[in-house]
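Engineer: Pasting in a structure now, in structure tokens, and then I'll have a few things to ask.
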Amino acid sequence: MRRTGTTRRGAFTATGAIAMGAVLAGCGDGSGPREGSAGTDTATADAQALAARTERTLRASSARTSRELLARYEYVVRAHPATAAGLSPLRDAVRAHAEALAPDGKGTPVSSRTRATDAASAVKELAAAERHTADAHTVTLLTAPPELARLLASIAAAGAAHAYLLTELAKETSS
């Protein structure tokens with residue numbers, strides 16, 4: 001039996017990291033300003049503005065990562081039309097992820113190329129790109145506010161599932 005790159009140990013580790021990130025993102029130390037203290041309104045407004053800027057930055061970065069992955073999917077489908085049936089549902093999910101992260105659709109257009117010369121190798125590269133993207137979203141969720149952390153955890157989990165499916169699809173794809 002061949003290993004696909006996704007092992008039970010790896011899946012448990014990723015699940016634990018995602019769960020820990022979600023728990024940590026929702027926890028606070030309670031050291032924020034107290035009700036009725038002087039400057040509470042200013043401090044609260046400053047903290048909210050900083051939190052909003054941080055979330056926008058994290059969303060933009062994560063959206064760009066997802067758009068880069070989407071560009072890879074589109075390139076592989078154009079270069080190897082025989083893969084379109086297997087890749088279209090995954091590509092559509094990645095598009096939905098990018099739109100969920102940046103609903104306004106703003107961002108620089110991304111293009112992609114692959115070094116693969118055949119369809120099976122191109123699909124293997126997509127699996128590696130999915131793993132890389134899922135890892136990037138997992139790292140980002142550790143510093144994200146709770147709602148964004150939940151979204152990133154869902155997207156990272158979907159990416160891990162996509163990586164597995166792509167690995168299996170690569171085995172079935174003829175050159």
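Engineer: For region 84-175, treating each Cα as an identical point scatterer without solvent, what Debye log10 I(q)/I(0) comes out at q = 0.20, 0.21, 0.23, 0.25 1/Å?
Structural biologist: Debye intensities relative to I(0), on a log10 scale: -1.02, -1.09, -1.22, -1.33.
Engineer: If I stretch the segment between GLU99 and LEU142 completely, what's the gain in nm (0.36 nm per residue apart, minus their alpha carbon distance), one decimal?
Structural biologist: My answer for the length gained is 13.4 nm.
No lab work stands behind these numbers, since they all come straight from the coordinates. Worth saying up front: this structure is predicted, and the values here are computed from it rather than measured.
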